[in-house]
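Working notes, beginning with the structure itself.
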Amino acid sequence: MSDAGTMELDVEGLRADTPGCGGGLIHLNNAGAGLMPRPVLESVQAHLTREATIGGYEAFNLAKDQAESLYASAAKLIGGKPNEIAYLENATRAWDAVFYAFDWRPGDTVVTARSEYNSNMIAFRHAEKRHGIRVLLAPDTPDGAVDPAGLEALLDDSVKLICLSHMPTNDGLVNPAEAVGAVAAKHGIPYLLDACQSVGHYPVDVAKTGCTMLSTTGRKFLRGPRGTGFLWVREDWIGKLDPPFLDNRAARWTEIDGYEVWDTARRFENWESFVAGRIGLGVALDYANMLGPQAIWNRVTALANRMRAGLAAIPGITVHDRGTVKSAIVTFSHKEVATTEIVNRLRLEHRINTSASDVQLTRTDTLDTGIKAMVRASPHVYNTEDEIDTLLNAVAGIVQVRK
């Protein structure tokens, strides 16, 4: 990881470097998609212009070194090696690429958490239907995080994979990824970490986390373009996984009836890809490395904690965030005013971007609480304390008891 983690961030400089911060917009939906910094935006625009003027293949030939630099930049941010990185179009496809690379057999078991993301849960149920696997949900600790000891108690010889969402899509939770990694290592079970909300948000180090595979996206806290993401697979596991599909990027055609699959994470890639996005993601990774993961984490959690404290003081508001360690994803609701009304009025009346997290996206046990939707607000380094206070004042006005 970057060693710039203790630097103090220049917030005004970051705002000046973020075109979306102009014009009075307050963007607090970074868990959905962060605002691209100017270098990322300009790199994408420049390559698209080059493609439009000289042709896509010709443009790539000129930008090949820049496009290839993504692997080293991604590896630096998470503590891996460039040959362990694959560029894919989003976190879900990166996650799918390795989950479906397992040779699932009837009776095989996956152990996951109650906070696992809905796309991953759908994949589990799909494999359950197609291959006869079994899916077990580990219990939570009283604070809402997955219980590593409870997870370990579920392990037996049938368990072929442990899966965990590091930061669920809502409720502020940071699951104990390192403790789960220690359990996985103790039992020799591969461990797939969904880090789509944590890379670019939190200091992720794959060696410390102990995961075997990691998937993430470009568009959220990394502040890269949409339609980008990457996969990391530990070097000793690359050859153990059989990609669900191959093309001439993932493998080399050696003779009429033969081919060789690459021995790097490139075996999970597609030949055709969003080249401008690849370049933009590389720039976004460099930007995050420049700021330092620890400095980003310190800044965003300070803003989120200010938001939580202010929201808790507003009559009728419930903050739903759980976990001993809380992320910069803040979720709340009002006992009378609908979540969709709060989100829409914040956007239309106050130019504040938030989002609504419904039960489709949330943890299994949220279904049991009767909570159908929550407002999700997620600050980034370019947000200010004044913007957090503006949100709080706006929410307080919206939820005033109607006369």
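The values are calculated or read from the model by the stated rules, or taken from the named source; none is laboratory data. Everything numeric here is computed off the predicted structure, so don't read it as measured data. Counting neighbours? That spans all protein chains shown, and the Cβs are built from the backbone with ideal geometry, glycine included.
For this structure, a couple of remarks:
- Screening the candidates Ile26, Ile54 for the property of being over 30 Å from Val206 (Cα atoms), out of contact with any Asp or Glu (no Cβ under 8 Å at 6 or more places or on another chain) and among the aliphatic types (A, V, I, L, M) yields one hit, Ile54.
- Those residues of segment 130-152 which are closer than 14 Å to Ser115 by Cα, acidic (Asp, Glu) and crowded, with 18+ Cβ neighbours inside 10 Å, in sequence order: Asp140, Asp147
- Among residues of segment 84-104 that are over 19 Å from Leu285 (Cα atoms), those with a Cβ under 7 angstrom from a residue that is buried (at least 23 other Cβ atoms within 10 Å of the Cβ) and among the β-branched types (Val, Ile, Thr), sequence gap 6+ or separate chain, pair up as Val98/Val233.
- Any hit, segment 220-229, residues being touching a Gly at 6+ places or on another chain (Cβ under 8 Å) and of a type in the set (Ser, Thr, Tyr): yes
- Looking only at segment 138-181, residues that are of a type in the set (A, V, I, L, M) and within 17 Å of Gly323 (Cβ to Cβ) come to 12 in all.
- Inclusion of Trp253 among residues that are part of a strand (DSSP E or B) and over 21 Å from the mean Cα position of the chain (by Cα) is warranted.
- The sole residue among Lys335, Lys326 that is more than 30 Å from Ala63 (Cα to Cα), under 26 Å from the mean Cα position of the chain (by Cα) and among the charged types (D, E, K, R) is Lys326.
- Single match in Ala16, Ala123, Ala75, Ala67 (criterion: more than 20 Å from the chain's Cα centre (by Cα) and in the same structural domain as Leu151 (by TED's automatic domain parsing)): Ala67
- Scanning segment 93-119 for residues that are touching a helix residue (DSSP H, G or I) at 6+ places or on another chain (Cβ under 7 Å) and modelled with pLDDT under 95 gives a single hit, Ser119.
- Checking each residue of segment 169-185 against the condition of being closer than 26 Å to Arg219 by Cα, modelled with pLDDT of 95 or more and surrounded by fewer than 18 Cβ atoms within 10 Å (Cβ to Cβ) gives at least one match.
- Candidates Thr301, Thr318, Thr331, Thr339 - the one that is of a type in the set (Val, Ile, Thr), within 22 Å of Val381 (Cα to Cα) and free of Cβ contacts under 8 Å to residues at least 40 places away in the same chain: Thr301
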